Amino acid sequence: MTLPTPVGEAFERQAQACDALGSPFTARLCRALPAALEGELRARVAGWPGEPVADALALRLCGGLHALAREGRAPALTAAYPPGEGPLEAGLAEAFADHQAFLLPWLDSAPQTNEVARSGVLLGGLMEITRRTRRPLELLEIGASAGLNLALDRYSYDLGAAGRWGRARVEIACDWRGTWPDTAAPLAVISRAACDRAPVPVRDPAARARLLAYVWADQSARLARAEGALDLVAEAPWQVEEADAADWVERRLAAPRPPGSVRVLMHSIMWQYMPAPVQARIRAAMEQAGAAATEAAPLAWLEMEADEDRGSAAIRLTLWPGGETRALGRADFHGRWAEWALQVRPARG
């Protein structure tokens, strides 16, 4: 039995994205699901009321299945998941026959991947902000999930041809290409805060397990990196606030800032999940705050988000005073590489 065309196409589009992002197992899973679904799960998926691609419908179900496989309560499913090589069809049949109640709630919310490797891209944007303002950063993040990217200055990085940056137990590899930011910029974060509609409490084992289930099962390096970042952030003094993004941005922009800082709003691969009225309120709040920005109190907006180019994410920076939006380059959705397009690449000493 086939799924309605828009829903079936969403599973195939997700499979193609997984192929491109180096996850052949998850691609195979997405292609197997339309035929394997049964019961109430099939009915919910077939009658999906929203836009299945924008809602990441396929990845909601993939997250639930990965969680079930990791728990070991569905032996045939666990055997089919990496590093096992059991038959996937048998594993899915077991999951859908015996564990509908476990899987159904996973359809209720969008995935919270909180892919920490995106920090390798956001780091470059913050370096460019630092180069242009020569000021320390007040860092504000929306859609922060567990807050892993909020700790981006506390990781170490292998940036390919751009060299290495930082020293920490969690290492992120992001291959920088093109005309990249100045890695010698004296980046300093003096204040940080974040919000999410459903923040992940990183000290809660169940919440941690849920976040890890959204990492694709055949990408062991991603899993290990996420576990290390979760350990690091669990020791951090900050917490991600539970709040609507527009309410939170309006409130934070109205609050006093640390003296001498540049206030930075950043986000990555989350904008598409917000309703249009929320997006509009954030734009209006940033433009209003930007109109009041000065050279002594600048404002920056750093975005790493999907656009009409399905193959990668756009890296954009808007800086006030002035309010000019610049395309800094493009990046892999999972942060594996960044193709920078800055005007000047400083000489490395």
Some residue of region 117-133 being more than 20 Å from Glu324 (Cα to Cα) and more than 15 Å from the chain's Cα centre (by Cα): no
All positions within region 159-191 that are under 20 Å from the mean Cα position of the chain (by Cα) and closer than 14 Å to Val116 by Cα: Val170, Glu171, Ile172, Ala173, Cys174
Residues satisfying the stated conditions in region 149-183, i.e. among the basic types (Lys, Arg) and part of a strand (DSSP E or B): Arg164, Arg177
Qualifying residues in region 30-44 (those that are aliphatic (A, V, I, L, M) and without any contact (Cβ under 8 Å) to a residue 60 or more places away in the chain) - the one farthest from Gly91 (Cα to Cα): Ala43
Residue match in region 89-96 (condition: charged (D, E, K, R), surrounded by fewer than 17 Cβ atoms within 10 Å (Cβ to Cβ) and either farther than 20 Å from Phe11 by Cα or touching a residue at least 40 places away in the same chain (Cβ under 8 Å) (or both)): yes
Cross-chain or 6+ apart pairs with Cβ under 9 Å, region 4-28 first and within 17 Å of Asp55 (Cβ to Cβ), then polar (S, T, N, Q) and surrounded by fewer than 16 Cβ atoms within 10 Å (Cβ to Cβ): Gly8/Thr2
Single unsatisfied condition, Pro34 versus (1) on the phi > 0 side of the Ramachandran plot; (2) surrounded by 15 or more Cβ atoms within 10 Å (Cβ to Cβ); (3) not aromatic (Phe, Trp, Tyr): (1)
Selection count, region 24-42, where residues are outside any helix (DSSP H, G or I) and either of a type in the set (D, E, K, R) or modelled with pLDDT under 95 (or both): 1
Any hit, region 179-186, residues being at negative phi, among the small types (Gly, Ala, Ser) and at pLDDT below 95: yes
Out of Ala146, Ala117, Ala110, sole residue that is in contact (Cβ under 8 Å) with a residue 40 or more places away in the chain, crowded, with 22+ Cβ neighbours inside 10 Å and not in a helix (DSSP H, G or I): Ala146
Candidate set: region 273-300, residues that are in contact (Cβ under 8 Å) with a residue 60 or more places away in the chain and not in a helix (DSSP H, G or I); chosen: the one surrounded by the fewest Cβ atoms within 10 Å (Cβ to Cβ): Met274
Residues of region 1-44 classified as closer than 17 Å to Arg60 by Cβ and of a type in the set (Ser, Thr, Tyr), total: 2
Yes/no for Gly22 being outside the structural domain of Phe333 (by TED's automatic domain parsing), under 20 Å from the mean Cα position of the chain (by Cα) and not charged (D, E, K, R): yes
Unmet criterion (only one of (1) touching a residue at least 24 places away in the same chain (Cβ under 8 Å); (2) assigned by TED's automatic domain parsing to the domain that holds Arg208; (3) in a loop (DSSP other than H, G, I, E, B); (4) of a type outside the set (Gly, Ala, Ser)) for Leu123: (3)
Cβ pairs under 7 Å, 6+ apart, first in region 172-190 and assigned by TED's automatic domain parsing to the domain that holds Ser261, second acidic (Asp, Glu): Ala173/Asp158; Arg177/Glu339; Gly178/Glu339; Pro181/Glu128; Leu187/Asp153; Val189/Asp153; Ile190/Glu138
Wholly within region 200-271, helices (runs of 4 or more DSSP H) carrying at least 1 residues that are among the polar types (S, T, N, Q) and touching a residue at least 60 places away in the same chain (Cβ under 8 Å): 220-234
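The values are calculated or read from the model by the stated rules, or taken from the named source; none is laboratory data. What you are looking at is a predicted structure, and each value in this text was computed from that prediction instead of being measured. Note that each Cβ is placed from the backbone with ideal geometry, even for glycine, and that neighbours are counted across all protein chains shown.
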